[in-house]
Structure formats: C-alpha cells, structure tokens
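J.: My structure is below; once you've seen it, I'll send some questions.
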Amino acid sequence: MSTKNLKEKLYIIIFEADTWWGKFFDVALLVLILLSVVTVALESVKSLNAEYGLLFDTLEWAFTALFTIEYILRLYASTNRVRYAFSFFGIIDLISTLPAYLGLILTGAHSLIVLRSFRLLRVFRIFKLARFIGEASQLQRALKASRPKIIVFVTAVSIIVMIMGTLMYIIEGGKNGFTSIPRSVYWAIVTLTTVGYGDIAPVTVLGQTVAAFIMILGYAIIAVPTGIVTAELGMAVAKERSSDTRVCANCNLADHDADASYCKNCGEELPQN
C-alpha cells in the first residue's frame, strides 16, 4: 500500500463516519474520552487517590499515549494540517495530551502548585465529546442566529437589575444588608433569576413588594431566551435533515447539503456517496 493510499484510508477512518472502521474508531474514542474524564474525577477524591494513586497514574499515562497517537494520526491524515492544528478540535486534541507531559517538565517543589493546575486541564477532554454530537452543530447555528436578539434581551435585563438594585438600595439601606448599589444589584440578579440564596432579604413592606414584583418578572423573563433559541433550533434542525456526514478534505467543513458536489466554504470537490 502506497503512502498516499494509506493517508486516504486513515482520513476516511478518522474524519469520516460512514464506514464500519470509521464508526468503530469514533465509538472507541468516545469510550476512551469518557473513561479518562471519569478517571480524572475519581482521582480528585482524596481517599481514592490515596489508595489507588498508582492505578490512576498508570491509566492517565495510557490515556495520554492513546490520545497522543490519535493527535499525530489526525495531523498526518489531514489534508490541511495547519488549519486542523489551529481549529477548535485541533486545539482541544492538543490540550488533552499536554498535562502529563508538562508534569515531566515542571518538576520540583516550587512548581507543584502550577503542576496541579496544569493537571486540571485534563478535563478539557470532555470537549472532545462535541465531535460525536450531531446536535452540537445545530445548537451552534441556533445560538449564532439568535445572537442579536439575545444581546438585546441581556441588555434589557441588565438595565432592569440595575434599576431595581438601585431602588432597593434606596428603600432598604445598609441596615438591612443592602450596603451598596453593587450588592443590591447582586441581590436583584439573584432574585430575578429565581435563585434566591437568601443571604440578603428585604425587611420593609415596600421592599418586599418590590421583591415580589421582581420574582414574578423573573418567571416571565426566563421564558424569553428559551423561546428565541427554540425557534432558531427548529430551523437549524430542519436544515440539518438535508445535510450529510461528508467532510471537506481541504477545510474539514462537515455541514453540506445531501446533493452538494463541492464544499460551500472553499469550493473543494466533495467525496461522492
């Protein structure tokens, strides 16, 4: 088998999902990601780490080796290595392998705190799961389409909490816990979002009346962004139904119409089903 044929086969297995080997590769990678994230979570439990620390370290190095091989294979098989390396998934793939190797470099007592922080980067492997969620692209498009409306909504909510927070600062004052406008705005945000920590509460009748109004307003406001995103998501789902799983060999774009022959991003000819 020539190098070119090997590279093409690896590309189909790694970046496509229409073949048996491609599906097997995705499922195996999915299992490894989940196991590695579970290992990180269990390692953070002191009692388990004290008893099974060696096992956790062994598993971590095994996962690191496998993810490193995966990253190298993706770089090798990619037709545009620079684009892949600096893409979202390329950066996440790289981050998922770095912590263990950084641990070899950052040795010594003075670097233990920094090392501990770098090890937390392993949880970024969870972002690799986005590769397997078809709805992720739909949600991304829906949020992007909803951005102007959401910005207007967030601006309106910010104005409301600023006004209500200032009003409560005037009504209640520092003796009842509303010691400043920022602290009062914090209370307004907590109340408007119906979280209600209870660390600050109005005492006066007027203050409680305003609080009740904010609570009721909160339930009405919560439904607004949900409706915006839901409407855009419905449109994205309808568009997704007409797409397939082919990936452009030049720019790695996967969002193509079922009858498309060329990539709508770079114009590269697409593989035919």
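The values are calculated or read from the model by the stated rules, or taken from the named source; none is laboratory data. The structure displayed is predicted, hence computed values, not measured ones. Neighbour counts run over all protein chains shown; Cβ positions are idealised from the backbone, glycine included.
One line per residue, one yes/no per condition, for (1) more than 21 Å from L270 (Cβ to Cβ); (2) crowded, with 18+ Cβ neighbours inside 10 Å; (3) modelled with pLDDT under 80; (4) not aromatic (F, W, Y):
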residue: K4; (1), (2), (3), (4): no, no, yes, yes
residue: V37; (1), (2), (3), (4): yes, yes, no, yes
residue: T58; (1), (2), (3), (4): yes, no, no, yes
residue: L94; (1), (2), (3), (4): yes, no, no, yes
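Per-residue answers, yes or no, for (1) farther than 29 Å from A145 by Cα; (2) modelled with pLDDT of 90 or more; (3) surrounded by 14 or more Cβ atoms within 10 Å (Cβ to Cβ):
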{"residue": "S184", "(1), (2), (3)": "yes, yes, yes"}
{"residue": "D199", "(1), (2), (3)": "yes, no, no"}
{"residue": "P202", "(1), (2), (3)": "yes, yes, yes"}
{"residue": "V210", "(1), (2), (3)": "yes, yes, yes"}
{"residue": "L217", "(1), (2), (3)": "no, no, yes"}
{"residue": "A220", "(1), (2), (3)": "no, no, no"}
{"residue": "E232", "(1), (2), (3)": "no, no, yes"}
{"residue": "R241", "(1), (2), (3)": "no, no, no"}
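J.: Given the criterion surrounded by 12 or more Cβ atoms within 10 Å (Cβ to Cβ), at pLDDT 80 or above, in contact with a Lys or Arg (Cβ under 6 Å, 6 or more places away or on another chain) and assigned to a helix (DSSP H, G or I), identify the matching residue among L32, L10, L66, L75.
T.: L75
J.: Suppose we filter V161, V195 for residues that are surrounded by 14 or more Cβ atoms within 10 Å (Cβ to Cβ) and either part of a loop (DSSP other than H, G, I, E, B) or touching a residue at least 12 places away in the same chain (Cβ under 8 Å) (or both); which single one remains?
T.: V161
The rows are residues; the columns are (1) within 27 Å of A254 (Cα to Cα); (2) among the polar types (S, T, N, Q).
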site: L6; (1), (2): yes, no
site: I14; (1), (2): yes, no
site: D26; (1), (2): yes, no
site: I33; (1), (2): yes, no
site: E51; (1), (2): no, no
site: R74; (1), (2): yes, no
site: N80; (1), (2): yes, yes
site: R83; (1), (2): yes, no
site: F86; (1), (2): yes, no
